[in-house]
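Heads up: the structure comes next, in structure tokens.
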Amino acid sequence: MLKVLLFGALEPLTGTAEVLLDVPDGTNVLNVLAGLSARFGRRFRDVVFGDGGENEGAIVLVNGAPVRFGLMEKRLYDGDTLSLMPLYEEARE
């Protein structure tokens, strides 16, 4: 299982601080983020990816280590933890 920790504006958008995903070993970070965006919607995607492209809106960590903006191909494995920390707080409606 992959554990995804959601911080800041992502927690109220999703209604949870943690998501457990059963993904095949070797799935990359970008595919997981795309799947979460499909599950939680456009606002989630905008907070995670921002306006300018891949990963401008959130800090992404795998097992506590940062994933560089252009390296979303990092592979994930059973037991990994993916943390998403928005760089900004979304205004509440």
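Each residue in segment 21-45 was checked for being touching a residue at least 24 places away in the same chain (Cβ under 8 Å), open to solvent by 40 Å² or more (accessible area, probe 1.4 Å) and of a type outside the set (A, V, I, L, M), and 3 pass. Against the list (1) touching an Asp or Glu at 6+ places or on another chain (Cβ under 7 Å); (2) at pLDDT below 95; (3) open to solvent by 90 Å² or more (accessible area, probe 1.4 Å), the condition residue 88 fails is (1).
Whenever a residue of segment 6-20 is closer than 15 Å to residue 50 by Cα and open to solvent by less than 30 Å² (accessible area, probe 1.4 Å), its partners that are assigned to a strand (DSSP E or B) and at pLDDT below 95, lying with C-beta atoms within less than 7 angstrom and at least six residues away or across chains, give the pairs 9/86; 10/86.
The values are calculated or read from the model by the stated rules, or taken from the named source; none is laboratory data. Fair warning: this is a prediction, and the values are worked out from it, not measured in the lab. FYI the Cβ positions are ideal-geometry reconstructions off the backbone, even for glycines, and counts take in every protein chain you see. Protein only, heavy atoms only, side chains kept; ligands, DNA and RNA dropped before computing areas. Shrake-Rupley method; radii C 1.70, N 1.55, O 1.52, S 1.80 Å.
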